[in-house]
Amino acid sequence: MFEHSNVALRSVLWLGFFAAILAAWWVMYAMAMQMDLDLLGRPGDMADRMRAMDPRMPMDMPMARFGPLFAMWAIMMAAMMLPTMVPTLRAYEDLIASANGNWAGWLGVLSGYFIVWVAFAALIAAAQLALLFGGVVDMLGIATSHWLAGGLLLAVGAFQFTRTKEVCHGVCHSPMMYFLGHWHTGMGGGVRMGLGLGVFCVGCCWGFMALGFAGGVMNLAWMGLATLFMVLEKLPQIGHVVTRPMGVILILGGLAVLAAPYVTGG
């Protein structure tokens, strides 16, 4: 009976986890479509379209207020970062079978991890507001200067080669080692370990969030590609071999963005 209930609980928790990811992506899609309607209006109304993209327009749109912007980033964190937690949660699940872990601790790890990313959502939402009112990004969160877009690509690409990235990625790539070195039991212990893992994860992946300003923070294509790469980085088999090649790709992309106006004569 106990074994049966444990299997049922496992199924419910994992199904709930993946349902939360799907729900977050659905909400992000709905928000992106609504933002297009709010900012761009009718497809043929070019005057309104250009005005909506002008950073000097009156700042009375939802994405010019901290509350809606923070909510957007928090949902985006759920959509993009929860999928990257699968190897970590699987590692903890192994400790339920082999050590004194339990499903309350599993939920604690998930909760602590997400708390850190929600805090990061507040920080980056505040940064986006500052950039918006400074005329550095438009209402869609897209850099208004190719210098900023190219500089972001170069900076994030260079970060892939730093010692900080190496240390943070090492923890994210091998969560079992973190659990063994920081083991705490129960829900509270899980939250504590989740907070620590979340800090390392932010240190590893913050750059891919910042790259939203290069292509638009509500750009679903960017969100999908960034999520895919961050998942690949954390896979035990290949995670350690994709980090630096991605750094090279980002640096080349940054150089291309910086050179584009001169090549095209713009």
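Structural remarks
So that you can scan it fast, the table gives a plain yes or no per residue for (1) surrounded by 15 or more Cβ atoms within 10 Å (Cβ to Cβ); (2) in contact (Cβ under 8 Å) with a residue 60 or more places away in the chain; (3) within 24 Å of Leu250 (Cβ to Cβ):
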{"residue": "Gly112", "(1), (2), (3)": "yes, yes, no"}
{"residue": "His146", "(1), (2), (3)": "yes, yes, yes"}
{"residue": "Leu153", "(1), (2), (3)": "yes, yes, yes"}
{"residue": "Val156", "(1), (2), (3)": "yes, yes, yes"}
{"residue": "Gly188", "(1), (2), (3)": "no, yes, no"}
{"residue": "Leu197", "(1), (2), (3)": "yes, yes, no"}
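- Subset tally (residues that are more than 30 Å from Val136 (Cα to Cα) and either touching a Gly at 6+ places or on another chain (Cβ under 9 Å) or among the hydrophobic types (A, V, I, L, M, F, W, C) (or both)) for region 152-173: 5
- In this structure, Phe179 qualifies as in contact (Cβ under 8 Å) with a residue 40 or more places away in the chain, closer than 29 Å to Ala91 by Cα and aromatic (Phe, Trp, Tyr).
- One residue stands out among those in region 115-148 that are modelled with pLDDT of 95 or more and aromatic (Phe, Trp, Tyr): the one that is nearest to Met187 (Cα to Cα), which is Trp117.
- Test: residue in region 31-38 that is at pLDDT 85 or above and touching a Leu at 6+ places or on another chain (Cβ under 6 Å): no
- Considering residues of region 234-254 that are part of a loop (DSSP other than H, G, I, E, B) and in contact with a helix residue (DSSP H, G or I) (Cβ under 8 Å, 6 or more places away or on another chain) only, the residue farthest from Val156 (Cα to Cα): Pro236
- Among (1) in a helix (DSSP H, G or I); (2) within 30 Å of Asp138 (Cα to Cα); (3) touching a Gly at 6+ places or on another chain (Cβ under 9 Å) - the single one Cys201 does not satisfy: (3)
- The listed residue being assigned to a loop (DSSP other than H, G, I, E, B) and either under 13 Å from the mean Cα position of the chain (by Cα) or not aromatic (Phe, Trp, Tyr) (or both), out of Val231, Val257, Val217: Val217
- Looking across region 211-225, just one residue is farther than 14 Å from Val137 by Cα and crowded, with 19+ Cβ neighbours inside 10 Å, and that is Met223.
- Tabulated pairs, region 7-29, first under 30 Å from Leu69 (Cβ atoms), second surrounded by 14 or more Cβ atoms within 10 Å (Cβ to Cβ) and small (Gly, Ala, Ser), C-beta under 8 angstrom, 6+ apart or interchain: Ala20/Ala78; Ile21/Ala78; Ile21/Ala79; Ala24/Ala78; Ala24/Ala79; Trp25/Ala79; Val27/Ala79; Met28/Ala79
- His182 vs. criteria in contact with a Gly (Cβ under 7 Å, 6 or more places away or on another chain), surrounded by fewer than 20 Cβ atoms within 10 Å (Cβ to Cβ) and not hydroxyl-bearing (Ser, Thr, Tyr): yes
- Residue satisfying condition, being within 17 Å of the chain's Cα centre (by Cα), buried (at least 16 other Cβ atoms within 10 Å of the Cβ), within 28 Å of His173 (Cβ to Cβ) and modelled with pLDDT of 90 or more, within set Ala74, Ala23: Ala74
- Test: Gly212 is closer than 27 Å to Ala122 by Cα and not aliphatic (A, V, I, L, M): yes
The values are calculated or read from the model by the stated rules, or taken from the named source; none is laboratory data. None of the values given here were measured: they were computed from a predicted structure. Reconstructed Cβ throughout: ideal geometry from the backbone, glycine too, with neighbour counts over all protein chains shown.
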